[in-house]
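A.B. asks: Dumping the structure here so I can ask a few things about it.
The values are calculated or read from the model by the stated rules, or taken from the named source; none is laboratory data. Everything numeric here is computed off the predicted structure, so don't read it as measured data. With ideal geometry, Cβ positions are generated from the backbone for all residues, glycine too; neighbour counts draw on all protein chains shown.
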Amino acid sequence: MAAGSSTDYIKHHLTNLVYGQHPDGTWGLAHSAQEAAEMGFWSFNVDSLGWSIALGALFLGLFSLAAKKATTGVPGGFQNFVEICVEFIDETVSDTFHGKNPMVAPLALTIFCWVFLMNFMDLIPVDFLPELFKLFGIHYMKVVPSTDPNVTLGMSFSVFFLIIFYSIKVKGIGGFSGELALHPFSAEYPVAQALLIPFNLFLEILNLVTKPISLGLRLFGNMYAGEMIFILIALLPFWIQWSLSVPWAIFHILVISLQAFIFMVLTVVYLDMAHETDH
């Protein structure tokens, strides 16, 4: 494959299906990466939003179906699978979260399953769905939502807002402000403590803001790298593709599961810190 066509192939697979406002004022889908860039901030990655919503609905539908058909007798295979997932998340939350909040365990279960499903899309052959959608006139289709930083940062900043909300709810505005202003450096004398407040505020606010950024970028970076490797393998001759893609896909099963678990655990850890009142 020529260098030019290889570059075009990679760019095509990494370009989102974008809906936004064209320079002439009309709204519609972008037909090239340049058009997508010209639409600016107020545009929507239709493929990322569509697949993430569809996978979220799939998770809710499957778990709702399992709950409705749950039996106290001998459970079926799918009920066993759901119960294992719920018990695994419940044990993880019990070991990690030491506060009292009935929302944390369901949130952790949702995050783990949703992120796993989005990551799992990376195991679908890179050309299958894009070529399928071309039959319907759609020429751009990124099918792995977690390779879009808008999705991963959107989820991580949602976690960030929960951290702020519960920090204020549990500690009060005064307690939360004091946590930011009086740590990590403290002094016995009031004047010295007052002089340390700007340094404490800088460090604590920086630490607070970097949590969602690192949480979102970690997931995005790992999944983007995995997708890129699949795309590069697809550029190789057919007989080489299978010898490389199958081992990488098997290894990638561990990656997608681990990334979903890490995102979930860090969310629980951050919420646990938001509920701490010891200091």
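A.B. asks: Going residue by residue through region 45-57, is there one that turns out to be among the aromatic types (F, W, Y) and over 25 Å from the mean Cα position of the chain (by Cα)?
C.D. replies: So far as region 45-57 goes, no, none of its residues is among the aromatic types (F, W, Y) and over 25 Å from the mean Cα position of the chain (by Cα).
A.B. asks: Out of V170, V191, which single residue is touching an Asp or Glu at 6+ places or on another chain (Cβ under 9 Å) and assigned to a helix (DSSP H, G or I)?
C.D. replies: Testing whether each residue is touching an Asp or Glu at 6+ places or on another chain (Cβ under 9 Å) and assigned to a helix (DSSP H, G or I) leaves just V170.
A.B. asks: Ok, one more. Just give me the residues in region 230-247 being in a helix (DSSP H, G or I) and in contact with a helix residue (DSSP H, G or I) (Cβ under 6 Å, 6 or more places away or on another chain), in sequence order.
C.D. replies: Hits for region 230-247 are I231, I233, Q241, L244, S245.
A.B. asks: Cβ-Cβ distance below 7 Å, separation of 6 or more or different chains: which pairs start in region 168-179 with a residue that is free of Cβ contacts under 8 Å to residues at least 60 places away in the same chain and end on one that is assigned to a helix (DSSP H, G or I) and not aromatic (F, W, Y)?
C.D. replies: Within 7 Å, the pairs are F176/S167; F176/I168.
A.B. asks: Between residues in region 202-220 that are at pLDDT below 95 and residues that are surrounded by fewer than 12 Cβ atoms within 10 Å (Cβ to Cβ), which pairs lie under 9 Å by C-beta distance while being six or more apart or on different chains?
C.D. replies: L203/P184; E204/P184; P212/F161
A.B. asks: Find the residue count for region 95-137, including only residues that are under 20 Å from the mean Cα position of the chain (by Cα) and of a type outside the set (V, I, T).
C.D. replies: Residues that pass the stated criteria total 17.
A.B. asks: Of all residues in region 129-159, count the ones that are under 20 Å from V18 (Cα atoms) and part of a helix (DSSP H, G or I).
C.D. replies: 16
A.B. asks: Kindly provide the set of residues from region 1-23 that are at pLDDT below 85 and charged (D, E, K, R), ordered by number.
C.D. replies: Hits for region 1-23: nothing passes.
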